[in-house]
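The values are calculated or read from the model by the stated rules, or taken from the named source; none is laboratory data. For clarity, every value in this text was computed on a predicted model and none was experimentally measured. Neighbour counts are summed over all protein chains in view; Cβ atoms, including those assigned to glycine, are modelled from backbone coordinates with ideal geometry.
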Amino acid sequence: SSTGVNRASTVKLRSNNLKGSLPPELAQLSGLQELDLGSNGLLGELPSELGDLPNLQRLKLDSNQLAGIVRSRWRRLNTLVELDLSSNLLVGSIIPNVLSSWTSM
């Protein structure tokens, strides 16, 4: 059921040859604590909607082809303890008010 999906706390699909962009609908997984989609073929922009995941503690999107910037909406991720965006095509730096809101890191 969709209710059960909303309660999913962990999604680990590392190294599964996933292609395409990150769907903004990931933000509907409100109970998500860990999202690991590293080492795939994901591309496109980082969705600002990921900032709407109130319980997210670990976000691993490393080794893809993601582009763009870390959005200011991500400042809501105040339970984040681990973030790995390495080996992507990101530009710029993380906005200081976003960094300062990540008090658990």
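Look at the stretch 54-105 and say how many of its residues are at positive phi and within 12 Å of the chain's Cα centre (by Cα).
0
Note down all Cβ pairs under 7 Å where the first residue falls in the stretch 53-74 and is free of Cβ contacts under 8 Å to residues at least 12 places away in the same chain, the second is assigned to a helix (DSSP H, G or I) and crowded, with 17+ Cβ neighbours inside 10 Å, and they're at least six residues apart or on different chains.
none
Return the residue satisfying two criteria in turn: it lies in the stretch 56-77 and is out of contact with any helix residue (DSSP H, G or I) (no Cβ under 7 Å at 6 or more places or on another chain) and modelled with pLDDT under 95, and of such residues it is surrounded by the fewest Cβ atoms within 10 Å (Cβ to Cβ).
Checking each candidate, the answer is Ala67.
Which residue pairs have Cβ atoms closer than 6 Å, lie 6 or more positions apart in sequence or on different chains, and pair a first residue in the stretch 83-101 that is under 21 Å from Leu56 (Cα atoms) with a second residue that is aromatic (Phe, Trp, Tyr) and modelled with pLDDT of 80 or more?
Val98/Trp74
Any chance you could count how many residues in the stretch 82-105 are surrounded by 14 or more Cβ atoms within 10 Å (Cβ to Cβ), hydrophobic (A, V, I, L, M, F, W, C) and assigned to a loop (DSSP other than H, G, I, E, B)?
Total meeting the criteria: 4.
What pairs come out if I take residues in the stretch 22-44 that are more than 10 Å from Ser9 (Cβ to Cβ) and of a type in the set (Ser, Thr, Tyr) and pair them with residues that are in a loop (DSSP other than H, G, I, E, B) and at pLDDT 95 or above whose C-beta lies under 6 Å away, six or more apart or interchain?
Once the first residue is more than 10 Å from Ser9 (Cβ to Cβ) and of a type in the set (Ser, Thr, Tyr) and sits in the stretch 22-44, its partners that are in a loop (DSSP other than H, G, I, E, B) and at pLDDT 95 or above give Ser39/Arg14; Ser39/Ser15; Ser39/Ser63.
What are the residues in the stretch 22-46 that are farther than 17 Å from Ile69 by Cα, part of a helix (DSSP H, G or I) and either modelled with pLDDT of 95 or more or not hydrophobic (A, V, I, L, M, F, W, C) (or both), if any?
Those that are farther than 17 Å from Ile69 by Cα, part of a helix (DSSP H, G or I) and either modelled with pLDDT of 95 or more or not hydrophobic (A, V, I, L, M, F, W, C) (or both): Glu25, Gln28.
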